[in-house]
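Asks: Sharing a structure here in structure tokens format.
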Amino acid sequence: MENNTILETIGLSKYFYDPVKFQVLKEIDLKINHGEFISVVGKSGCGKSTLLYLLSTMDTDYEGKILIDNQLVTGKTDKELAIIRNEKIGFVFQFHYLLAEYSALKNVMLPGMKLGKYSNEELEHRAMEHLKTLDMGDQALKMTNQLSGGQKQRVAIARALINDPVLIMGDEPTGNLDKKNSDLVFDIFNKLTQEENQTLLVVTHDNDFAERTNRIITMEDGKIIS
Amino acid sequence: MNTKLILNIALHLLRARLKQTIVAAVGVTFSIAMFIALVGFMNGLNGLLDGLMMNRTPHVLLYNEIKPSENQPIFLSKEFKDKTNFLGSIKPKNIGLSIYNSKTIIAVLKKDSRVIDVAPKVTLPVFFNTGTIEISGIINGIDVLSEDKLFKISDNIIEGKVADLLQNNSIIIGKGLSDKMLLTIGDIIKITTAKGNLASLKIVGISEIGIAEIDNTMSYTSLNTAQKMLGEPTNYITDIQVNLYDIESALTVSKEFKDKFVVDAIDFKTANSQFETGSSVRSIISYAVGFVLLTVAGFGIYNILNMMIYEKMDSIAILKATGFSGNDVKWIFISLSVIIGLAGGTLGLVFGYIFSSIIDLIPFKTASLPTVTTYPIDYNPIYYVIGIVFALFTTIIAGLFPALKASKVDPVSIIRGK
Ligand SMILES: Nc1ncnc2c1ncn2[C@@H]1O[C@H](COP(=O)(O)OP(=O)(O)OP(=O)(O)O)[C@@H](O)[C@H]1O
Ligand SMILES: [Mg+2]
């Protein structure tokens, strides 16, 4: 079966029960191909982050189906999902989350150490390369609490890239970055989709950023409207 | 699973909370150290008291017990064999206290490879006479050399020498007796045996065991002198005391000798069963105290790990988001507690050893065991093994619940919560 889909959802719905029952996502059908660079836009509170958490396999409390790489992930165990996240998905959160106990470099290396595909020296080298392309080479050995918000965000982006995931998701990954760095990140993402055939799904409030991607998904009230 | 990575993460988490980690480990250290010191001391005491007993009790004692004959004539009768027979007014049989064929038995025992040595003995109840007063007592006629070899009686002689008993008509008396009768070395003591024989013996030594009851009544003389006082031949022996290389086999060996030599035999454990009770009570106390201390330390670890989980929620969420499973997170926190337990426990063993050594230096004198000069400590390595196993066990249990909780942290709710 010749199939270029990396991510597919079928009738994806999500409810919150607290304080009242409320449907955040309504029967979302979505299909994304390898190598696409997609931005997701929509008003605050329309469910963009919620959708991303579902797609990242971290949130398993939903109705409908999710397929990653033509593989049904709905109903898999915590352990299997952890392996999928480690191997196939890179995630940049809306708020940069780094481990305070490690240096920036080690933070980037950690998912790679978990995957165990490369030796530690090789990983360190690769992590350093990623940090350098993000203009963070000179900050690599700092502890994370010694970094600015934008710098933390770039470390988080480097971490998302370390395992060469087929799918990279970002929840406002450039939210804290200035125009120059935002452009830098865009170029890196663009290059990944073009040269490595990796797929990017990025939630953004930055219209300029969204305009330049291949495809824009617009959400409203838990539905995809275009 | 990636053990090295998990340990690495655990160590980094610990380092970030160094002070609390140290507090938790010190709790374990303290309890293990106390446990080691306590168990070592208690078992040292047990050993001392056992020594006190073993110094005076042969492993196996052969003797004749005064008792009725087990085979009464009626049992031999075919006619009444299947009946229930009631016998009244049975009297014990007079077989005498002397062990029949004692010389042969001693010769056989001396050749037995399990036997360290054999010490024959004659005990005779006597009256010590001074003026018009008669004090009842016991004279042990002993084989001086083997008795000293087995029971180290020379340790308890405070004046004079055991070897002087080899002279004819000499006696060593207890300190209590000497104080009461105002007799010292070189004096002559007058003795009446139960059968009315009179004897005068020269005092060559004074012994003190530290137990008044014994020091007031017990005295030693040579086997020959005792036999002479009784007017009995040299094969008259009332007790044969046997010490064995393998002390644990005493019970079985005593049964074997009983059948083989047709005498009564008793092993030291049966003869001193109350000692065993005291020993086990002391052991139980020390284990119970150790257990209580460790439980308290366990709660400390539980609290600290729990607190750490609340502080590290973000880190846990990140680990999970980047591909660590709940199981991995669980192992990270279990490793945390194992590290605390292992570090605290090992230090505890070291401090326990130091405490034991300090107790070992405190002076402690007792008349009953003249060779003991400081408090006794048992350094048996098995207590150290128990200590570290105990420490690991409690810390793992204490860490298990927080670890399970951490493994269940929902990353989305944390990430969203920011
Ligand atoms: N834990 C929760 N319980 C109940 N309702 C929730 C919970 N989390 C989010 N919501 C609601 O779900 C809706 C979607 O939230 P979501 O975070 O997906 O919005 P968003 O599109 O990412 O917004 P923003 O652009 O501001 O980040 C919101 O109305 C929010 O109030
Ligand atoms: Mg959002």
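The values are calculated or read from the model by the stated rules, or taken from the named source; none is laboratory data. Worth saying up front: this structure is predicted, and the values here are computed from it rather than measured. Cβ atoms come from the backbone with ideal geometry, glycine included; neighbour counts cover every protein chain shown.
Asks: Quick check on residue A:9: is it within 16 Å of ligand 1 (Cβ to nearest atom), of a type in the set (S, T, N, Q), away from chain B (no Cβ under 12 Å) and surrounded by 14 or more Cβ atoms within 10 Å (Cβ to Cβ)? Working first, answer last.
Replies: Numbers: within 16 Å of ligand 1 (Cβ to nearest atom): yes; of a type in the set (S, T, N, Q): yes; away from chain B (no Cβ under 12 Å): yes; surrounded by 14 or more Cβ atoms within 10 Å (Cβ to Cβ): yes.
Spelling it out, residue A:9 is indeed within 16 Å of ligand 1 (Cβ to nearest atom), of a type in the set (S, T, N, Q), away from chain B (no Cβ under 12 Å) and surrounded by 14 or more Cβ atoms within 10 Å (Cβ to Cβ).
Asks: Specify the residue that is nearest to ligand 2 (Cβ to nearest atom); the eligible residues are those in region A:97-146 that are surrounded by 19 or more Cβ atoms within 10 Å (Cβ to Cβ) and part of a loop (DSSP other than H, G, I, E, B).
Replies: Once the filter is applied, the top-ranked residue is A:97.
Asks: Let me ask another. When region A:95-108 is examined, which residues are found to be more than 10 Å from chain B (Cβ to nearest Cβ) and more than 26 Å from residue A:204 (Cβ to Cβ)?
Replies: A:103, A:105 - these are the residues of region A:95-108 that are more than 10 Å from chain B (Cβ to nearest Cβ) and more than 26 Å from residue A:204 (Cβ to Cβ).
Asks: Which condition number does residue A:81 fail, the rest of (1) in contact with a Ser or Thr (Cβ under 8 Å, 6 or more places away or on another chain); (2) more than 11 Å from chain B (Cβ to nearest Cβ) being met?
Replies: With (1) in contact with a Ser or Thr (Cβ under 8 Å, 6 or more places away or on another chain); (2) more than 11 Å from chain B (Cβ to nearest Cβ) applied to residue A:81, the lone miss is (2).
Asks: Which one of B:75, B:30 is away from chain A (no Cβ under 14 Å), surrounded by fewer than 17 Cβ atoms within 10 Å (Cβ to Cβ) and of a type outside the set (Ser, Thr, Tyr)?
Replies: It is B:75.
Asks: Kindly indicate whether any position in region A:111-123 is among the small types (Gly, Ala, Ser) and facing chain B (nearest Cβ under 9 Å).
Replies: yes
Asks: While we're looking at this one, here's another question. State all residues of region A:5-27 that are in contact with a Leu (Cβ under 9 Å, 6 or more places away or on another chain) and either polar (S, T, N, Q) or within 16 Å of ligand 2 (Cβ to nearest atom) (or both); if no residue qualifies, say none.
Replies: Answer for region A:5-27, where residues must be in contact with a Leu (Cβ under 9 Å, 6 or more places away or on another chain) and either polar (S, T, N, Q) or within 16 Å of ligand 2 (Cβ to nearest atom) (or both): A:5, A:9, A:13, A:14, A:24, A:25.
Asks: Among the candidates B:10, B:37, which residue alone is more than 9 Å from chain A (Cβ to nearest Cβ), hydrophobic (A, V, I, L, M, F, W, C) and farther than 14 Å from residue B:329 by Cα?
Replies: Being more than 9 Å from chain A (Cβ to nearest Cβ), hydrophobic (A, V, I, L, M, F, W, C) and farther than 14 Å from residue B:329 by Cα holds for just one of B:10, B:37, which is B:37.
Asks: Right, something else. Taking region B:382-418 as the search range and keeping residues that are away from ligand 1 (no atom under 16 Å from the Cβ) and among the polar types (S, T, N, Q), which one is nearest to residue B:302 (Cα to Cα)?
Replies: Going through the qualifying residues, I end up with B:395.
Asks: Here is a further query. What's the total number of residues in region A:84-94 that are without any contact (Cβ under 8 Å) to a residue 60 or more places away in the chain and at the interface with another protein chain (Cβ under 7 Å from one of its Cβ atoms)?
Replies: 1
Asks: Going residue by residue through region B:333-343, is there one that turns out to be closer than 30 Å to residue B:417 by Cβ and touching a Lys or Arg at 6+ places or on another chain (Cβ under 6 Å)?
Replies: No, region B:333-343 contains no residue that is closer than 30 Å to residue B:417 by Cβ and touching a Lys or Arg at 6+ places or on another chain (Cβ under 6 Å).
Asks: Just for helices (runs of 4 or more DSSP H) wholly inside region B:218-287: which have at least 1 residues that are touching a Phe, Trp or Tyr at 6+ places or on another chain (Cβ under 7 Å)? Lay out the reasoning, then the answer.
Replies: Numbers: elements: B:223-230, B:250-261, B:268-271.
Per the criteria, B:223-230, B:250-261.
Asks: Next up: Could you tell me which numbered condition residue A:193 fails, if it satisfies all but one of (1) away from ligand 1 (no atom under 16 Å from the Cβ); (2) surrounded by fewer than 21 Cβ atoms within 10 Å (Cβ to Cβ); (3) not in a helix (DSSP H, G or I)?
Replies: (3)
Asks: Continuing with the same structure: Residue A:83 is checked against (1) within 25 Å of residue B:324 (Cα to Cα); (2) more than 16 Å from ligand 2 (Cβ to nearest atom); (3) part of a strand (DSSP E or B); (4) under 16 Å from the mean Cα position of the chain (by Cα) and fails just one. What number does that condition carry?
Replies: That leaves (3) as the condition not met.
Asks: Among the residues of region B:43-66, is any within 14 Å of another protein chain (Cβ to nearest Cβ) and at pLDDT 80 or above? Before the answer, list the steps.
Replies: Quick first cut of region B:43-66, residues within 14 Å of another protein chain (Cβ to nearest Cβ) only: none.
So far as region B:43-66 goes, no, none of its residues is within 14 Å of another protein chain (Cβ to nearest Cβ) and at pLDDT 80 or above.
Asks: If we keep just the residues of region A:196-222 that are more than 14 Å from residue A:37 (Cβ to Cβ) and part of a strand (DSSP E or B), which is farthest from ligand 1 (Cβ to nearest atom)?
Replies: Applying the filter and picking the extreme gives A:218.
Asks: Also: Could you say whether any residue in region A:22-42 is touching a residue at least 12 places away in the same chain (Cβ under 8 Å), crowded, with 19+ Cβ neighbours inside 10 Å, assigned to a helix (DSSP H, G or I) and within 14 Å of chain B (Cβ to nearest Cβ)?
Replies: Within region A:22-42 (the criterion being touching a residue at least 12 places away in the same chain (Cβ under 8 Å), crowded, with 19+ Cβ neighbours inside 10 Å, assigned to a helix (DSSP H, G or I) and within 14 Å of chain B (Cβ to nearest Cβ)), the answer is no, since none of the residues qualifies.
Asks: I'd like to verify a number: residues in region B:273-286 that are surrounded by 16 or more Cβ atoms within 10 Å (Cβ to Cβ) and not charged (D, E, K, R), how many?
Replies: So the answer is 3.
Asks: So, in region A:49-96, of the ones that are surrounded by fewer than 19 Cβ atoms within 10 Å (Cβ to Cβ) and at positive phi, which residue ends up nearest to ligand 1 (Cβ to nearest atom)?
Replies: Only one residue fits best here, namely A:64.
Asks: So, one more: With the structure loaded, tell me whether residue B:320 is part of a helix (DSSP H, G or I), at pLDDT 85 or above, closer than 30 Å to residue B:166 by Cα and over 23 Å from the mean Cα position of the chain (by Cα) or whether it fails that test.
Replies: For residue B:320, the condition - part of a helix (DSSP H, G or I), at pLDDT 85 or above, closer than 30 Å to residue B:166 by Cα and over 23 Å from the mean Cα position of the chain (by Cα) - is not met.
Asks: OK, next. In region B:73-183, which helices (runs of 4 or more DSSP H) lie fully inside it and hold 3 or more residues that are touching an Asp or Glu at 6+ places or on another chain (Cβ under 8 Å) and in contact (Cβ under 8 Å) with a residue 12 or more places away in the chain?
Replies: Here the list reads B:144-151, B:175-181.
Asks: Here are B:366, B:394: which of them is within 33 Å of the chain's Cα centre (by Cα) and surrounded by fewer than 18 Cβ atoms within 10 Å (Cβ to Cβ)? Steps first, please.
Replies: Values: B:394 fails: surrounded by fewer than 18 Cβ atoms within 10 Å (Cβ to Cβ).
The conditions single out B:366.
Asks: What are the residues in region B:185-215 that are crowded, with 18+ Cβ neighbours inside 10 Å and either assigned to a strand (DSSP E or B) or of a type outside the set (A, V, I, L, M, F, W, C) (or both), if any?
Replies: The answer is B:189, B:191, B:199, B:201, B:203, B:204, B:205, B:206, B:207, B:208, B:215.
Asks: Picking from B:351, B:355, B:393, which residue would you name as being over 30 Å from residue A:91 (Cα atoms) and either without any contact (Cβ under 8 Å) to a residue 60 or more places away in the chain or within 14 Å of chain A (Cβ to nearest Cβ) (or both)?
Replies: B:393
Asks: Among the numbered criteria (1) more than 14 Å from every other protein chain (Cβ to nearest Cβ); (2) modelled with pLDDT under 85, which single criterion is violated by residue B:1?
Replies: With (1) more than 14 Å from every other protein chain (Cβ to nearest Cβ); (2) modelled with pLDDT under 85 applied to residue B:1, the lone miss is (1).
Asks: Still on this structure: Checking residue B:69 against (1) surrounded by fewer than 21 Cβ atoms within 10 Å (Cβ to Cβ); (2) outside the structural domain of residue B:171 (by TED's automatic domain parsing), only one condition comes out false. Which one?
Replies: For residue B:69, the failing item is (2).
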